């Protein structure tokens, strides 16, 4: 019974609301009326803690840290224990950053701006060069562009090898394909099997076409005595000796198209060799312009001799007549050219046959027309025919 009274006294002191509505209150009243009266409980009040005047002056409402539960006036004593010694933190404001406009920038001299632009350009070039160096080992292969189907594929044209023709057939083809407005020249192109680096094996010479073009050719002969008389009788335009050499050396002029000399005058011609070489008229034994038979040389020159010489690619180019000539005349001219070409064959070229290893190919064409390859057998027959008809007659 004493314990129950103690429990009721404690509940009244705590002022718990649920005990006031408890069903045991009448029981307590009945029990308390029968027992002795308990002394009343006096409320106890505590003096508030004095505030620090210095701390109250220094602390401002702006520096009070914010709380998620509410302002500082709503804090209890337990919360103030932890925030009373917090230092005062003043707010800091920073100016707004704004990018300067071009007109706000300070003016600079043109030389300074040029120097800065050049420096930036050089730096840009250096960066690009470094990027190219680094990209080079890792260069990616571009993928091939895929063309959607259908794709039009052009057929590849294969080069058709033209057949080797007989000489007469080749001449007919050349005449049929000559469609220019002028009388085209029939040209022969011979590829020789000679090393062009060996100067002692250069092929060159002159030939007299049996049906050459009739044109006036001025012929000069350096000779004295009987050779000079024979040259005048054969139709030479200029005949002379030492006086002719002195005249050319003093004036430096050449008034003739072909030049011949005897062997005795070759030593004297070196005085004017530079002048004659400028016009390609210096006599040469390999070309047949230094000869003992002056009469024959002058007559062949008047008929129309043709020079030929191997070029740097070991090819001989020569004109053998006009398209207007007949097929037989063109065949005779080709035979005469082949006979002269065989006579100009170098001695150092040792082969068992006349043509094997010397003449590799022979083509004939007109000035504006296509070329046709000619067989070596037909060329040999044309050369034999020329020697039989024109040389043995």
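Read-outs throughout are calculated quantities, based only on the coordinates presented, and are distinct from any laboratory measurement. This one's a predicted model, so the numbers in the text were calculated from it and none came from an experiment. Quick reminder, even Gly has a Cβ in these numbers, built from the backbone with ideal geometry, and neighbours come from all protein chains shown.
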Original post:
Taking neighbour counts of Cβ atoms within 10 Å as a proxy for exposure, in what order, fewest first, do 386, 270 appear?
Top reply: 270, 386
**OP:** Report the full-extension gain for the segment residue 93 to residue 360: residue separation times 0.36 nm, less the Cα-Cα distance, to one decimal in nm.
**Re:** 86.1 nm
**OP:** Could you line up 345, 157, 274 from fewest to most neighbouring Cβ atoms inside 10 Å?
**Re:** 157, 274, 345
**OP:** Using a Förster distance of 25 angstrom, determine the FRET efficiency expected from the C-beta separation of residue 247 and residue 267, and round it to 0.05.
**Re:** 0.85
**OP:** Find how much the distance from residue 238 to residue 164 grows on full extension, using 0.36 nm per residue of separation minus their present alpha carbon separation; answer in nm with one decimal.
**Re:** 22.0 nm
Original post:
P(r) tail for the range 197-301, what percent of Cα pairs lie past 15 Å?
Top reply: 63
Original post:
By its C-alpha gyration tensor, with a ≥ b ≥ c as the square roots of the eigenvalues, how is the range 258-314 shaped: rounded for a/c under 1.5, else prolate for a/b larger than b/c, else oblate?
Top reply: oblate
Original post:
How would you rank 194, 238, going from fewest to most other Cβ atoms within 10 Å of each one's own Cβ?
Top reply: 238, 194
Original post:
Shape of the range 265-393 from its Cα gyration tensor (a ≥ b ≥ c, root eigenvalues): rounded if a/c is under 1.5, otherwise prolate when a/b > b/c, or oblate?
Top reply: prolate
